[in-house]
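Here the structure is laid out as structure tokens; the discussion comes afterwards.
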Amino acid sequence: MFKREMKINFKSFLIWTLSLVIVFFVVFLIYPSIINSENIEMMDEMMQMFPKELLKAFNMDLSSIDSAFGWLKTEGFVMILLVIGSYAGIMGSTILLKEENDKTIEYLNSLPIKRQNIVMSKVLCGTLYLLLMTLVIGIFNFIGLSLVEKFNIKQFLLLSITPLLPGLVIFFLTLFISTFTNKTKKMFGISLGIVFLSYVIQTVSMISEKTEFLKFFSVFTLADIRYVIQNISINPIMVIISISLSIILCILTIVHYNKKELV
């Protein structure tokens, strides 16, 4: 079952991963050539024109975009969070449902395989591909940065890990929600809605102290990139919350899937 899942989902993993790799390849290729003392001064002046809240949303109040690593800590990691989050959401929302849509669930039910084993094979597949995607992007960015400039390696490594925290929760959340429906298209929209709504909520939470409470309703708060940039360490509370939520959602998925009437 596990090998079958890995083979079926390899193509989508490759497409999503390569899309990010290509973007960052272009960045490492052209960024050093467009950054010079004159451009840096112009960018600093331009940054002063933006509202502090906007700069905070992209971590530009903590890091300048006068280098490839500076850009990576601001817009770059926001892009990584959204892409890995979207990939996790789509995979989680469809990895179980596609068996029903493709009618292969009838074949699986005819085999001496328990439903929880079906779920666990998909959980292992999804988790492994999220780990691999994070690893591949991290290795590529490390090589790219090493070729163009000097950077804080420890900070980079910790930042590269952070997308896993919200990514795993999104995967298990959409996996659990998918056990309540039989429609893949419906879940596709729900999964992307969860990702982008969470990002909007997290961005709004940074606008002022009055909206700061909204961060508790966004899964992207688990990444806590600002904490990593400032302290060069991952917030252990976020790690505990991410792992705990993933385990709870996984158990709930197995319990409800065992009761679901499959078609």
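The values are calculated or read from the model by the stated rules, or taken from the named source; none is laboratory data. Just so we're clear, the structure is a prediction, and the values are computed from it rather than from any experiment. No Cβ is skipped: glycine too gets one built from the backbone with ideal geometry, and neighbour counts run over all protein chains shown.
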Mind listing just one residue for me: the one in region 230-249 that is surrounded by fewer than 13 Cβ atoms within 10 Å (Cβ to Cβ) and small (Gly, Ala, Ser) and, of those, modelled with the highest pLDDT? Ser244
Checked pairs for region 203-228, first without any contact (Cβ under 8 Å) to a residue 40 or more places away in the chain and surrounded by fewer than 20 Cβ atoms within 10 Å (Cβ to Cβ), second among the aliphatic types (A, V, I, L, M) and not in a helix (DSSP H, G or I), C-beta under 8 Å and 6 or more apart or across chains, list as Glu212/Met206; Lys215/Met206; Tyr227/Ile234
Complete set of residues in region 209-263 that are touching a Ser or Thr at 6+ places or on another chain (Cβ under 8 Å) and over 25 Å from Phe196 (Cα atoms): His256, Tyr257, Lys260
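Looking at region 192-202 only, could you name the residues that are of a type in the set (Phe, Trp, Tyr) and surrounded by 17 or more Cβ atoms within 10 Å (Cβ to Cβ)?
Step one: filter region 192-202 for residues of a type in the set (Phe, Trp, Tyr), giving 196, 199.
The answer is Tyr199, and nothing else.
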Region 125-157 - residue that is hydrophobic (A, V, I, L, M, F, W, C), within 15 Å of Glu5 (Cβ to Cβ) and at pLDDT 95 or above and, of those, surrounded by the most Cβ atoms within 10 Å (Cβ to Cβ): Leu130
Any idea which residue in region 164-187 is surrounded by the most Cβ atoms within 10 Å (Cβ to Cβ), counting only those that are over 20 Å from Asn9 (Cα atoms) and modelled with pLDDT of 90 or more? Pro166
For region 206-232, what are the residues that are of a type in the set (Gly, Ala, Ser) and under 19 Å from the mean Cα position of the chain (by Cα)? Ser218, Ala223
Considering region 3-13 alone, what residues qualify as being exposed (fewer than 14 other Cβ atoms within 10 Å of the Cβ) and among the hydrophobic types (A, V, I, L, M, F, W, C)? Phe10
Cross-chain or 6+ apart pairs with Cβ under 9 Å, region 163-181 first and touching a residue at least 12 places away in the same chain (Cβ under 8 Å) and closer than 21 Å to Asn235 by Cα, then of a type in the set (Gly, Ala, Ser) and assigned to a loop (DSSP other than H, G, I, E, B): Pro163/Ala223; Leu164/Ala223; Leu165/Ala223; Pro166/Ser218; Pro166/Ala223; Gly167/Ala223
Scan region 234-263 and report the pairs whose first residue is free of Cβ contacts under 8 Å to residues at least 12 places away in the same chain and whose second residue is assigned to a helix (DSSP H, G or I), with Cβ atoms within less than 7 Å and a gap of 6+ or a chain change. Asn235/Tyr227
The lone exception for Gly138 - which of (1) within 21 Å of Lys11 (Cα to Cα); (2) more than 17 Å from the chain's Cα centre (by Cα) it fails: (2)
Give region 166-196 a look and list any residue that's touching a Lys or Arg at 6+ places or on another chain (Cβ under 9 Å), outside any loop (DSSP other than H, G, I, E, B) and not polar (S, T, N, Q), or say none. Leu175
Residue hits (region 197-212; outside any loop (DSSP other than H, G, I, E, B) and either at pLDDT below 85 or of a type outside the set (Phe, Trp, Tyr) (or both)) are Leu197, Ser198, Val200, Ile201, Gln202, Thr203, Val204, Glu209, Lys210, Thr211, Glu212
